[in-house]
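Only one structure is covered here, and it is reproduced in the block below.
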Amino acid sequence: MREYGGVPHEPGSTFPAGEEPPPTVRRRFGAAHQETGGADDLFAEISRSPLDDRPLHRRSAGRWVAAGAALGLAAGGTAAALLLLGGNEASSPAATAAVLAESPPGLVLHTATYDPAVGAVLLFGGEMGEAARLDARSGARGEVTAETWLYRGAEAGWARLVTSEIRPAPRAGHAAALATDAGLLVVFGGSSSSPVNCQRDLVCSDDLLADTWTLDSASGTWEERHPATAPPARMGHVMAYDAGAQRVILFGGTGGGGTWSASVILHDTWAYDPSADTWEQRAPAISPPGRVFAAMAYDPEGGRVLLWGGASWEDDAAVWAYDYRTDTWTSLGEQGAPLPRWNAGAAYDPGLEGLVVAGGIALREEVIAEGVTATQLGPLDQAWLFRPANATWAPLPAPSSSGVTLQARFAAAYDPGAGMVVVYGGVGSAINTLLFDGADTLWIDATPAAAPQETTIP
């Protein structure tokens, strides 16, 4: 038994009897990401902006972000020119003030990926504010964004990536994957306006997109791609990068059409080659049932993409695996699987050799009076681990054990430097940053101080 933040915790206590989570070699959050090489110096400069004349925000915990010297523009210095905090407008680079952002704006329906080029988790897009609450049935719309944020541990915190003037339109409900071989973040589709709730508290929109964009985070450069063929416009789809095949795999989503209906749930599979700028529709003999807002991640041990959950007319609880080389979907079964859900967050944790799934929305039977049950819709305060090697599920501590109520529509990505899953935003936790330490099976609230002190660098 050990204590973490004053709370007793028995590592591995929620795993099946006699089974401890496998050891993982990791660095704690706040430690240097040594594997990124020169990116350390680059990220140190993200925390200050010579193009921003606002005062430095100091966290109440007293941690400072080094201001550093003004960025110089040398050969190959495009990254230094663009990886800056602050507004999009340029002013004198001789300014001496800097800014540390407490966190991104409250977000739902955004994406998170880990980019080794800058050693950071990247957030992109999403809907800001409270318009997408689970009980917001009035059709009220919030604002969607096209901002990109970087997170590199609790010590470094959040920084906003100022990118090229050419950039994607604001969107929510899109999908993103980091094509590591090409060094690019690939973004496809989504809704250009704030989605509204439809039946079963899904979200839908007629303002759907079918554009493909890539971001080179090391230079801050967005580029719209123009493949000859592309998937139809959609939102609520999922994507993951198959490192073995060097393809981004896309599945499902909704093609619009108004209210929630079977006719708009998609079950097609696409593969994108970022080097050749080509989308290819695949033709597997068997496909998973169509679904919206599922969870997808790449299994590096099995060399395949995993798919689970999502809103589907069939309430499918099986995990599906896709092999690009053979163009086959295989059901790994649903033995021991949790209740099907959608809008959950998921990330593959190599230390645990499995997919960590948290939160989500589900229809579940609840006792409302003695002898009376009813089907209730709502968020789930749960987390689970799926190990593809033996197709087994195991419960993990509930996210609320961190003190934060994590519900749904948030984004998650695994940070290999810290050895943790990073979670941001979502319904009920729109401005919160949570970390999941798989080695200790522990959720950690890493939300920066909400009311930082301000000071000015001399």
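One table, with the values for the structure above:
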read-out: Members of segment 167-185 that are more than 12 Å from residue 238 (Cα to Cα) and hydrophobic (A, V, I, L, M, F, W, C); value: 169, 172, 178, 179, 182, 184, 185
read-out: Residue identified as of a type in the set (Val, Ile, Thr), touching a strand residue (DSSP E or B) at 6+ places or on another chain (Cβ under 7 Å) and modelled with pLDDT of 95 or more among 186, 196, 203; value: 186
read-out: Conditions (1) part of a loop (DSSP other than H, G, I, E, B); (2) touching a residue at least 24 places away in the same chain (Cβ under 8 Å); (3) closer than 16 Å to residue 385 by Cβ; (4) touching a Leu at 6+ places or on another chain (Cβ under 8 Å): number failed by residue 317; value: (2)
read-out: Subset of segment 275-314 (residues that are touching a Ser or Thr at 6+ places or on another chain (Cβ under 8 Å), closer than 27 Å to residue 126 by Cβ and in a strand (DSSP E or B)); value: 279, 292
read-out: Members of segment 207-238 found to be among the acidic types (Asp, Glu), assigned to a loop (DSSP other than H, G, I, E, B) and within 17 Å of residue 269 (Cα to Cα), listed by number; value: none
read-out: Pairs, first more than 13 Å from residue 221 (Cα to Cα) and surrounded by fewer than 17 Cβ atoms within 10 Å (Cβ to Cβ) in segment 141-169, second at pLDDT 90 or above and polar (S, T, N, Q), C-beta under 6 Å, six or more apart; value: 169/192
read-out: Residue that is assigned to a strand (DSSP E or B) and charged (D, E, K, R), where the choices are 366, 334; value: 366
read-out: Segment 364-377 residues that are touching a residue at least 40 places away in the same chain (Cβ under 8 Å), paired with ones that are among the acidic types (Asp, Glu) (beta carbon under 8 Å, 6 or more apart); value: 377/201
read-out: Segment 367-391: number of residues that are of a type in the set (Asp, Glu) and surrounded by 10 or more Cβ atoms within 10 Å (Cβ to Cβ); value: 1
read-out: Residues of segment 299-311 classified as surrounded by 21 or more Cβ atoms within 10 Å (Cβ to Cβ) and of a type outside the set (Lys, Arg), total; value: 8
read-out: Residue in segment 105-134 that is nearest to residue 236 (Cα to Cα), counting only those that are assigned to a loop (DSSP other than H, G, I, E, B) and at pLDDT 90 or above; value: 109
read-out: Residue that is surrounded by the fewest Cβ atoms within 10 Å (Cβ to Cβ), among those in segment 407-419 that are more than 13 Å from the chain's Cα centre (by Cα) and within 17 Å of residue 156 (Cβ to Cβ); value: 416
read-out: Any hit, segment 378-398, residues being assigned to a strand (DSSP E or B), of a type in the set (S, T, N, Q), at pLDDT 90 or above and touching a strand residue (DSSP E or B) at 6+ places or on another chain (Cβ under 9 Å); value: yes
read-out: Failed criterion for residue 340 (all others in (1) in contact (Cβ under 8 Å) with a residue 60 or more places away in the chain; (2) out of contact with any Lys or Arg (no Cβ under 8 Å at 6 or more places or on another chain); (3) more than 20 Å from residue 108 (Cβ to Cβ); (4) not in a strand (DSSP E or B) hold); value: (1)
read-out: So residue 265, is it farther than 23 Å from residue 361 by Cα, touching a strand residue (DSSP E or B) at 6+ places or on another chain (Cβ under 9 Å) and among the aliphatic types (A, V, I, L, M); value: no
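The values are calculated or read from the model by the stated rules, or taken from the named source; none is laboratory data. Every value quoted in this text rests on a predicted model; they were computed, and no experiment measured them. Here the Cβ is made from the backbone with ideal geometry for all residues, glycine too, and neighbour counts use every protein chain on show.
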